[in-house]
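In what follows, a structure is listed as structure tokens, so that the remarks can point back to it.
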Amino acid sequence: MSDRAGITRRGLFRGIGTAGLLAGCKPSERPPTTTEEHGDAAGPGAGEAALGPGPAPLAFTLNGEAKTVEVAPHVTLLAALREQLRFTGTKVVCDRGACGACTVLIDGVARNSCMTLAHDVAGAAVTTVEGLAPGGKLSVLQQAFIRHDALQCGFCTSGMLMSCQGLLERTRGQKLGREDVEAAIAGNLCRCGTYPNVVAAVLDAAGGSA
Amino acid sequence: MPDDQRVTLKVGFAEQLRDIEVQLPAGEPKPWDARSELKVVGKPHPRVEAPLKVSGAAKYTHDIVPPNALWAAVLRSPHPCAVVESIDVAPAQSQPGVSAVLALVKPGERVIFAGQDIAAVAAKTPEQAEAALRAIAVGYKTEPFVVDTAAAMQDGAPLVHRGKVTERSTEGDEPGAGGSAGQRGNIRTSPSMKKGDAHKGLRMAKVSHEATYTTQVHTHSALETHSIVVQWDGPKAATVWCSTQGIFSVRDEFAEVFELKPADVHVHTDFLGGGFGAKFGASAPGSRMGFIAGELARQAGAPVRLLLDRKEEHLCTGNRPDSRQHVKLGASVDGKLTAIHVVAHGSAGIGTGAGVGRNAFGIYSRCPNVLVESHDVFTHAGPGTAMRAPGHPQGAFALELAIDELAKKLKLDPLDLRLSHDEHPVRRHQFELGRKQFGWDAGRKQAAALRDKQARVRRGFGVAASIWGDFGRGKAVVATVSVLRDGSVEVKNGLQDIGGGITTVVAQVVAEVLQRPVEAVRVRLGDSELGPSVGSGGSVTTASVTPAVRAAAEGVKTQLTALAAKQLGRKPEEVTWSEGQARAGSKSIAWAELCKKIEGEAVVATGTRPETYGAYPVKFMGGNSYQIAGVQFAEVRVDTWTGVVAVERVLAVHDCGKVMNPLTARSQVQGGVILGTSYALTEQRVMDRVRGVMLNPNLETYKIAGARDVPRSIDVVFTPVDTGANNTGAIGIGEPSTIPTAAAIACAVHDALGVAVRDLPLTPDRVLAALGAVPTRGAG
């Protein structure tokens, strides 16, 4: 990406945030999301001024809708989504980046929202499981999950879907193999044992949408 | 009321079908049997609740936030054994945001595992609750402890319990298991299972095998942690949301603790994020969650959410106990088993239930002499509890690997040795079927060739069996089916769907009876006010619930038939149903038209399930229920340089009576295989013997199998059996599907290496030690 050349040290660390530094389990062909592209227009959250310790305004796009919320700087994106914005489709399981249940897309890249500070998404576009079916019509991927019975208790399902959606978005039009899907969900734990059905569902969805 | 009826049912499996006579209670619909031609039941159908789960709309207990709800947090003992000398919770009360504080121990009380409840608070935010816990001052006098099972068995080991131990049992436990035959030191002896004279059988044996097998502590690790949300509706009534496998067990415990009428406790579990045996009652096995949340909410005058974190989930919500099984097998020279003797010790921490199941006693039943002696060994660790087929995976591992080691001494094919001792016709059928489908004979030859060549990468083939009972419960479920004037159909029951797919199966049963599309049946579950139901434990759900649902649907159909007869000017017995139309002679009336004629709002019927009335062809442990059969074959690849085991293939051949929904049943078996693979290869609770605490209470060092760790292929084959047990023919599959997996994998590793790895999990160091490549590390 061409804009990498202009990154400053401070800007880089601010941009990567905890998400970038700790998201090693989410391999991605894209460089870590930075707030450089959107930050300046995104309000105080992305500016140079220090935040906190109290709540500070944060503006970002959630499932295509502009949101402005008051969030304390220590609050994770996961907590902000669930407890403040009441988007509870994203689940808390380990709360430390080991299980993938809290995966969301940040500018199209699958990330653990428990390892991302809410203020790190200032100006970014966040997609949660609730955003996969705009207008209530289930996506090709969601339908494939249902058809292939890629869910049992359903608690890992949101995170699985978001990791798989991230895969589909970054490989659009490419032919996918089983290994691609397994790599994409390598950071998503399921206790009911749905993995083979998830793989089948994604391959089906990728074939269907290609 | 008509009298009891006697009907002929066609029962059996595969080609082995026969007619039996069954006595049915009055009003019971004639059971679906091998003659029944069903259109909806038995056909794959996607989960009806799946759209909610894939869109994030499904509400779990974690997601429930009543207005003004507070967060609860619990202070837990950092010490494995200590006497509380002082506790002062007052400083927490004045912390910001705090509304209620609760001491859960008194000075002088002894805490006996690290993670035990000490105190709790309710505050506006989780951060405030955590901060308030840090303000609580507790003085402890630490005492000697023991967290290692073998060490706890020694004379002079620190005693975990000073008095008699009360057994805690739940609907997750296997019926008939449990009980005590005495206690000495930290060792509590369970009643033994005995047939013939095993000691004599061993003396008579010309060939024998004796070895010790160990298994690790396995935590349930359901993704949704134990959680409860309490809202008081006045002083004597409450609404409770709980992540539970047993809605009524929550209601009853909560009512008992707070001295309420059960009917005044309204419990909701719309969805739960897994349970695997650990989620019964309002509390967790090692934490009084129901009392804590209820009391904090009462004191605060506001609803309280108590959601455990991942560390707490590992420490105090139950686990599969470990085991150390000394197995002795005796046989004649021509390969007839003369004795099976198992002496098992296992630790459920401070709890009970470390027995090793019915595998050694019940499967290879041609062996005339069997003795299984199980012992609970108390340690200063969180209590074990029922976990998906309690006792059985560990029992299967030791027995089946020992059988393989004996077969090697006898120079017999281990599958042949099994076949010659297993009398269950269905399991024999499954063994034979699997032998062909899995390519057993060719595989074993290939494995032997690689062994002979001392190849670096070996292949191995193993097989193991499962035993479980059809514990479907009678008189426990009341289901209600309604058909409304607008033609819509609704079924109600106070059941929870743990993820096995019962919601869909219930819809299928009603759709079958009423000839409506599955999508047209609205299933309402997850609420204690929707009628009595069972807990989802012991593989009883489908067998207990579907017959009651069918009875209710048949009741509605009878009423609709009478209505149709009236409309068509015929007698009810002349009315037949096809494609959703009632017909009599040349006349017919469509569903929608018929429903418009309903007087009042709806036609409603309730249904119950009588006690199990058939168990063809084999009874479980001499009882009145069918013995569920299953076998699994595993192929492994072992790198003898690195010690890494990879499971290439598993073939799971199971019966679960009449398969209600092959799509969800297959998923459930696949899940059992994956859980078993994870148990076999990576999962292990690690205790620090010096500090007495769990070292890996998380999901990065407690290793659950991920997508790339599971078998490369899992084939699921059902061998349907009509047992005549109940009116739908359903029996359970949840537990049987995970029983033989680890055992089959261990047997396959034995085949690959030519030596057995006798300790779970089958980690690389143990594989290398078994090969003599590295020194042996003490097991357990």
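A short reminder: the numbers here are calculations on the coordinates, not readings from a lab. What you are looking at is a predicted structure, and each value in this text was computed from that prediction instead of being measured. No Cβ is skipped: glycine too gets one built from the backbone with ideal geometry, and neighbour counts run over all protein chains shown.
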Considering only segment B:595-739, percent of DSSP beta bridges that pair antiparallel, nearest 5: 65 percent
The extension gain from B:R366 to B:Q515, computed as 0.36 nm times the residue separation minus the Cα-Cα distance, is 49.0 nm
Could you work out the Rg to Rh ratio of chain B, with Rh taken as the Kirkwood radius (inverse of the mean 1/r over all Cα pairs)? 0.99
Calculate, in nm to one decimal, what B:V690 and B:N624 gain on full extension: separation in residues at 0.36 nm each, minus their alpha carbon distance. 18.9 nm
Shielding by other protein chains, A:73-81, mean Cβ within 10 Å: 1
Distant-in-sequence amide H partners of B:S625 (H built 1.01 Å from N, under 5 Å): B:F620
What distance in nm separates the simple spin-label points at B:A14 and B:E573, each placed 7 Å from Cα in the Cβ direction? 4.2 nm
B:A455 versus B:L52: modelled label distance in nm, points set 7 Å from Cα along the beta carbon direction: 5.1 nm
Test item: Cα-centred dipole of segment B:425-570, Lys/Arg +1 and Asp/Glu -1 on Cβ, debye: 900 debye
Cα Rg over Rh - segment A:89-131, Kirkwood: 0.93
Take peptides B:556-568, B:671-683 and line them up by average Cβ neighbours within 10 Å, highest first, as a rough protection proxy. B:671-683, B:556-568
Scaled by the rule-of-thumb 2.2 N^0.38 Å, the alpha carbon Rg for segment A:134-209 gives a ratio of 0.99
What's the ranking of B:710-717, B:299-306 by average number of surrounding C-beta atoms within 10 Å, highest first? B:299-306, B:710-717
Could you go through segment B:224-237 in sequence order and give the Karplus-derived ³J(HN,Hα) for each residue, using 6.51 cos²θ - 1.76 cosθ + 1.60 with θ = phi - 60°, rounded to whole Hz, and x for Gly and Pro? 7, 5, 3, 8, 8, 10, 10, 10, 7, 10, x, x, 10, 8
So what is the relative contact order of chain B, in percent, for Cα pairs below 8 Å that sit 6 or more residues apart? 16 percent
Which far-off residues, 5 or more places away or on another chain, put their amide H under 5 Å from the one on B:L104, with H placed in the peptide plane? B:A119, B:A120
Considering only the other residues whose Cβ falls under 10 Å of the Cβ of B:G672, what net charge follows from Lys and Arg at +1 and Asp and Glu at -1? 0
Residue by residue through segment A:130-140, what is 3J(HN,Hα) from phi via Karplus (6.51 cos²θ - 1.76 cosθ + 1.60, θ = phi - 60°)? Round to whole Hz and write x for glycine and proline. 5, x, 7, 10, x, x, x, 8, 5, 6, 4
Under 5 Å between amide hydrogens, which residues at least 5 positions from B:G277 or on another chain qualify, with H placed 1.01 Å from N in the peptide plane? B:R388
Around B:D497, under 11 Å between beta carbons, what's the net of Lys plus Arg minus Asp minus Glu among the other residues? 0
Quick one: putting +1 on the C-beta of Lys and Arg, -1 on the C-beta of Asp and Glu, what dipole do you get for chain B around its Cα centre, in Debye to the nearest 20? 1400 debye
Which listed pairs, of B:K141/B:K261; A:K137/B:K703; B:K492/B:K587; B:K596/B:K658; B:K336/B:K619, have C-alpha distances above 31 Å, in listed order: B:K141/B:K261; A:K137/B:K703; B:K492/B:K587; B:K596/B:K658
Output needed: percent of Cα pairs per 5 Å distance bin for segment B:111-235, bins running from 0 to the one holding the longest distance. 2, 6, 8, 12, 15, 14, 14, 10, 7, 4, 2, 2, 2, 1, 0
Short to long, in 10 Å steps from zero, the percent of alpha-carbon pairs of the protein assembly as shown per bin is 2, 11, 19, 24, 21, 14, 6, 2, 0
